[in-house]
1. Quick test for you: out of A:64, A:81, pick the one residue that is touching a strand residue (DSSP E or B) at 6+ places or on another chain (Cβ under 7 Å), crowded, with 16+ Cβ neighbours inside 10 Å and farther than 25 Å from residue A:126 by Cβ.
2. What number goes with the only condition from (1) outside any loop (DSSP other than H, G, I, E, B); (2) touching a helix residue (DSSP H, G or I) at 6+ places or on another chain (Cβ under 9 Å) that residue D:138 does not pass?
3. Just one of (1) away from chain B (no Cβ under 13 Å); (2) in a strand (DSSP E or B) trips up residue A:73, so point out which.
4. Which condition number does residue D:92 fail, the rest of (1) touching a helix residue (DSSP H, G or I) at 6+ places or on another chain (Cβ under 6 Å); (2) farther than 30 Å from residue B:111 by Cα being met?
5. Working only within region B:101-117, note down all residues that are within 25 Å of residue B:43 (Cβ to Cβ) and surrounded by fewer than 21 Cβ atoms within 10 Å (Cβ to Cβ).
6. Out of D:36, D:62, D:66, report the one residue that is in contact with a helix residue (DSSP H, G or I) (Cβ under 7 Å, 6 or more places away or on another chain), at pLDDT 90 or above and under 21 Å from residue D:104 (Cα atoms).
7. If we keep just the residues of region B:127-140 that are under 13 Å from residue B:70 (Cβ atoms) and surrounded by 21 or more Cβ atoms within 10 Å (Cβ to Cβ), which is nearest to the other protein chains (Cβ to nearest Cβ)?
8. What about residue D:4, is it modelled with pLDDT under 90 and part of a loop (DSSP other than H, G, I, E, B)?
């Protein structure tokens with residue numbers, strides 16, 4: 001299997017969940033066997049009341065980062081893997097800029113994959129949130145979609 | 001202080017986050033000192049690809065349920081309290097019906113409040129998700145908004 | 001398969017981890033398909049400095065309660081199942097009395113089992129801790145020990 | 001305030017919880033404002049059945065590492081701070097060697113402190129467990145012990 005790179009994973013998501021303008025809501029900047037970096041542009045959420053990133057949005061970004069690591073390591077036949085646990089600590093209020101996620105793979109098992117994800121506002125060093133994301137690994141049956 | 005009831009909390013949310021049609025995305029059905037029941041109507045998410053409730057949407061519902069318990073117990077002067085931790089286990093795929101949240105207050109401290117929340121699809125007994133939600137209690141300064 | 005009852009599970013543990021006086025450190029009081037109640041007698045920890053139950057001891061009790069539910073439902077061929085995640089919120093300081101655990105099974109899957117556990121000091125209503133415990137279900141190979 | 005160093009924190013623990021032979025069960029190897037490294041010698045648990053480190057023991061080590069970071073940053077007047085949440089993912093079975101904890105401070109707030117802790121068996125690169133530990137910061141009243 002060739003490991004899907006950042007662009008291939010990005011294309012896969014956009015095909016599954018098309019956006020009105022064809023621009024991704026979350027940008028996959030880098031992915032390797034052990035780490036990934038994703039960016040959520042501030043325009044995705046900037047105009048909301050409060051002008052900050054909601055908790056669920058932060059959780060969605062952390063979850064996406066963990067899923068990217070899984071795709072890179074296992075390929076799209078594992079695309080239907082599901083999050084079994086997400087634990088998130090909210091540390092400080094995000095600034096009104098892009099939100100960056102750094103994910104690290106802690107374990108890639110046959111049944112469970114565990115990643116650690118830190119979120120920080122671009123240009124700020126202190127993390128705004130920290131997540132541990134566990135995926136139940138599910139492979140599509142052969143000859144499947 | 002009079003404890004805000006379900007309707008008062010609902011109105012407070014709709015005023016802060018108006019919806020296009022004036023209908024709430026999440027309906028607060030009941031709230032008492034120790035428990036709350038909320039409902040997310042399926043129309044809120046029914047037309048999405050997959051026709052199921054995403055993980056972040058489930059987390060948003062659990063978070064709202066915990067916040068309602070806090071408002072009922074402490075009043076709106078604690079409205080700016082923030083989630084400090086949310087741990088969610090995803091148990092099974094929600095059905096294409098309304099999603100119900102049952103929240104129970106585990107602790108109401110001066111600084112931290114902890115609630116347990118179970119989500120289940122209407123008409124189904126098995127929970128689809130279970131969350132523990134911790135809030136850092138923050139009171140607005142007197143004379144504040 | 002006959003479901004092992006509280007006594008059978010208790011005997012199994014004592015055989016695997018004998019105690020000096022033959023008395024169990026943790027007493028399994030009741031177990032059903034959906035719930036279990038365990039007791040940690042205060043004599044097990046009463047003489048320590050501080051005369052309270054340490055965090056790790058509370059975690060051990062919660063973990064045992066989740067394991068009992070698994071044994072009752074799946075039998076001892078699943079005895080080598082391992083905890084994959086334990087999330088615990090410490091709510092208040094336990095009193096110097098027996099510690100009681102009430103566990104509820106949230107999910108019994110082929111690969112993962114999730115239980116919720118509340119701990120409270122005997123005679124006190126408020127919980128001292130709340131845990132969510134996830135087990136990776138592992139069956140011994142046939143003809144195994 | 002002078003920040004207590006590794007030796008000072010070690011002495012503080014041994015005075016509060018003396019061991020039979022005066023040797024610490026957990027060795028604090030390094031502590032700085034942002035990170036700490038602790039070691040649990042295998043002799044502490046080597047003779048148990050199974051010859052591996054139990055889950056609660058791993059949780060105790062992670063908790064100690066987070067507490068050390070707090071002591072270094074805030075001094076012993078914060079010694080009565082309490083763990084409010086501990087979330088631990090168990091990744092693989094520890095080997096029969098010393099267990100090492102690397103802790104990183106994610107947040108040091110006035111009320112809450114959050115640390116991330118990875119455990120690995122000495123000489124092994126892959127982590128055996130990952131924890132997020134939240135402390136409620138509590139300062140002793142002035143003139144107190």
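1. A:81
2. The number of the failed condition is (1).
3. Just one mismatch for residue A:73, condition (2).
4. (1)
5. If the condition is that a residue be within 25 Å of residue B:43 (Cβ to Cβ) and surrounded by fewer than 21 Cβ atoms within 10 Å (Cβ to Cβ), then B:102 is the only one that fits.
6. On the way: D:62 fails: in contact with a helix residue (DSSP H, G or I) (Cβ under 7 Å, 6 or more places away or on another chain); D:66 fails: in contact with a helix residue (DSSP H, G or I) (Cβ under 7 Å, 6 or more places away or on another chain).
The conditions single out D:36.
7. B:134
8. When the stated conditions are applied, residue D:4 does not pass them.
The values are calculated or read from the model by the stated rules, or taken from the named source; none is laboratory data. Every value quoted in this text rests on a predicted model; they were computed, and no experiment measured them. Glycine gets a Cβ as well: all are built from the backbone with ideal geometry, and neighbour counts include every protein chain shown.
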